[in-house]
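First the structure, in the form of structure tokens, and then the observations on it.
The values are calculated or read from the model by the stated rules, or taken from the named source; none is laboratory data. Since the structure is predicted, the reported quantities are computational estimates derived from the model, not experimental observations. Note that each Cβ is placed from the backbone with ideal geometry, even for glycine, and that neighbours are counted across all protein chains shown. Note: accessible area is taken over every heavy atom of the protein model, side chains too, but ligands, DNA and RNA are not part of it. Shrake-Rupley method; radii C 1.70, N 1.55, O 1.52, S 1.80 Å.
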Amino acid sequence: MSKITGDPFVLDYHESELRIAAEFLTNWLPFLTRDLCQTCTRKLHNRVRSLDPEGSNESEVVKSEDGSSCPTQSCVREEGHENHDEHSDCDTNSLGSWKEGANEWSEARVSSSGATSGVTTGDTSSVRMSWADMAQEDDELEAEEEEELSKQCVDDESSFIKSRREAQKTELSREKREYIRFMNVQRKKDFICLERVHGKLVNILEGLELHTGVFSAAEQKRIVNSVYELQEKGRNGEFRERTYSAPQKWMRGKGRVTIQFGCCYNYATDKNGNPPGILRDEYVDPIPHLFKVIIRRLVGWHVLPPSCVPDSCIVNIYEEGDCIPPHIDNHDFVRPFCTVSFLSECNILFGSNLKIVGPGEFSGAAEIPLPVGSVLVLNGNGADVAKHCVPAVPTKRISITFRKMDKAKIPFGFVPEPDLRGLKPLQYNSDDSKNTNPIKPASPTMSRPQITKQVASEKQNSYGGRGQRSEPRYSGRNQSQPWNRRRVGLSSGT
């Protein structure tokens, strides 16, 4: 355990993250300690080592000669500039300041023994990127960080190149980084909510999947920035007529901005009498490049099957109070399809009979939180039996829904994207991930009752180990017996 666990800042981090931070900062010590006095160099050295005492011998931790903090003599930070006084010493480079600057150093390197991955939920503008994320950025989604890095290091290129050369000793290959991140994706596939449909008890959530950890914090930020750029193009009239839509907000819950790519979808019967569905003789702009990178990630990381590669998408930009009313997605689109959430967490409601309580307020059988950066896959009963809706959101939110068009509904003259053909999932077994809680195969020598008992035990253990945030919340129901009690209304925007 870290020696500085008493520091309130460190309490927010897992031990594995501190270990990765220690390894990263150790590689950068020659650069960080340049022009510091001897005492401050020792102090910085000890602070970094204290993050991972197990990785270093206790005898190696060096203390200053008098056991005090930085002495009052000046400690040069830049040529010609000195520190102020004994109360503003060199210790201002705290662990917190390094952590806040994580986004500026995308070239961090870690060893294969300590690399993990995580996505932080919350506002993207202030999101905390883990050290593992910095080391495992996808090549196509880290170009922005590369540019910032080169600008910051232009004034001291030689020192940076020397430090980077040392950091590359622990560099992971691209395939290894991707494998580590892929194996750390959390996949929940056992949602249950029983309702009577045509007189029979049915699990209306069968077929739903929730995947978290697919996109890092830096990747989410770049995607959100790209959406804002697309929104600005739409405002300036740079798209085809039906691509961008920003209706007037005439009441609460109405007026979210939508941007369609790949096909033009008609939400309701229009003035020409066209029913809801894909308009085969109307055209919108093609899928942007970055969105195609997202599609390749979804297929490659076993989120969507290669038989259902999306060829269209729709961006929803919510302001506070915007919502999506109860509906089942049109069957002009095949199943499964998925939606990715950005900027803020919200809840999605499911039920065979969702009710409108008021503007932007709905009630239903099950409520599932959608964490920031999560991917919700809809298939089976979850797509075709249960309706779904998004109550009025409490704060700004962006979602991107990716769908594949039915062959009989493809627009006339539509040409598939060449770089989305022949996509295949990575040759890793997603069920090997520690986050999927797979059911172990039964021994061939076991009897049928023993097999049934083992499967039930495995399912119970898997259910008990899941995090609370990914659990569906049933409105007015006992989760162990969700069909025994009546439904009550759900409050909106919770």
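Return only the number of the condition from (1) part of a strand (DSSP E or B); (2) farther than 26 Å from Tyr283 by Cα that Ser399 does not satisfy.
(2)
In segment 398-422, what count of residues is obtained for those that are among the aliphatic types (A, V, I, L, M) and surrounded by 17 or more Cβ atoms within 10 Å (Cβ to Cβ)?
4
How about segment 294-389: which strands (runs of 3 or more DSSP E) wholly inside it have at least 1 residues that are surrounded by fewer than 22 Cβ atoms within 10 Å (Cβ to Cβ) and of a type in the set (Lys, Arg)?
By residue number, 355-358.
Can you tell me which condition Tyr13 does not meet? The list is (1) within 22 Å of Leu172 (Cβ to Cβ); (2) touching a helix residue (DSSP H, G or I) at 6+ places or on another chain (Cβ under 7 Å), and all the others hold.
Among (1) within 22 Å of Leu172 (Cβ to Cβ); (2) touching a helix residue (DSSP H, G or I) at 6+ places or on another chain (Cβ under 7 Å), Tyr13 violates only (2).
Kindly list, by first and then second residue, each pair from a residue in segment 32-45 that is at negative phi and open to solvent by 40 Å² or more (accessible area, probe 1.4 Å) to a residue that is assigned to a loop (DSSP other than H, G, I, E, B) and not hydrophobic (A, V, I, L, M, F, W, C), limited to pairs with Cβ atoms under 6 Å and residues at least 6 apart or on different chains.
Taking only residues 6 or more apart or on different chains, the pairs are Thr41/Thr33; Arg42/Ser64.
Using the structure shown, decide if Cys264 is open to solvent by less than 60 Å² (accessible area, probe 1.4 Å) and within 22 Å of Phe412 (Cβ to Cβ). Reasoning before the result, please.
On the way: open to solvent by less than 60 Å² (accessible area, probe 1.4 Å): yes; within 22 Å of Phe412 (Cβ to Cβ): yes.
When the stated conditions are applied, Cys264 passes them.
What pairs come up if the first residue lies in segment 283-299 and is on the phi > 0 side of the Ramachandran plot, the second is modelled with pLDDT of 95 or more and among the acidic types (Asp, Glu), and their beta carbons are under 6 Å apart, counting only those six or more places apart or on different chains?
Hits for this filter: zero, empty list.
Test Asp285 against the stated conditions and say whether it is acidic (Asp, Glu) and within 24 Å of the chain's Cα centre (by Cα).
On the way: acidic (Asp, Glu): yes; within 24 Å of the chain's Cα centre (by Cα): no.
Criteria not met by Asp285.
List the residue pairs whose Cβ atoms are under 7 Å apart, where the first residue sits in segment 302-319 and is at positive phi, the second is in a loop (DSSP other than H, G, I, E, B), and the two are 6 or more positions apart or on different chains.
Short answer, once both residue conditions are applied: His302/Pro425.
Can you run down the residue pairs with Cβ atoms below 7 Å, 6 or more apart or on separate chains, where the first is in segment 217-239 and in contact (Cβ under 8 Å) with a residue 12 or more places away in the chain and the partner is in a loop (DSSP other than H, G, I, E, B) and of a type in the set (Asp, Glu)?
Listed by first residue and then by second, the contacts come to Ala218/Glu137; Ala218/Glu142; Glu219/Asp138; Phe239/Asp285.
When you look at Val284, is it surrounded by 19 or more Cβ atoms within 10 Å (Cβ to Cβ), β-branched (Val, Ile, Thr) and outside any loop (DSSP other than H, G, I, E, B), yes or no?
no
The conditions are (1) under 26 Å from Gly360 (Cα atoms); (2) in contact with an Asp or Glu (Cβ under 8 Å, 6 or more places away or on another chain), and Tyr267 fails exactly one of them. Which is it?
Condition (2) is where Tyr267 drops out.
Take Val377 and decide whether it is under 30 Å from Arg296 (Cβ atoms) and in contact (Cβ under 8 Å) with a residue 40 or more places away in the chain.
Details: under 30 Å from Arg296 (Cβ atoms): yes; in contact (Cβ under 8 Å) with a residue 40 or more places away in the chain: yes.
Here the answer is yes, as Val377 does meet what is asked.
Check every one of the strands (runs of 3 or more DSSP E) wholly within segment 176-231 and list those with 1 or more residues that are open to solvent by less than 10 Å² (accessible area, probe 1.4 Å) and of a type in the set (Gly, Ala, Ser).
Because the criterion is at least 1 residues that are open to solvent by less than 10 Å² (accessible area, probe 1.4 Å) and of a type in the set (Gly, Ala, Ser), no strands (runs of 3 or more DSSP E) in segment 176-231 meet it.
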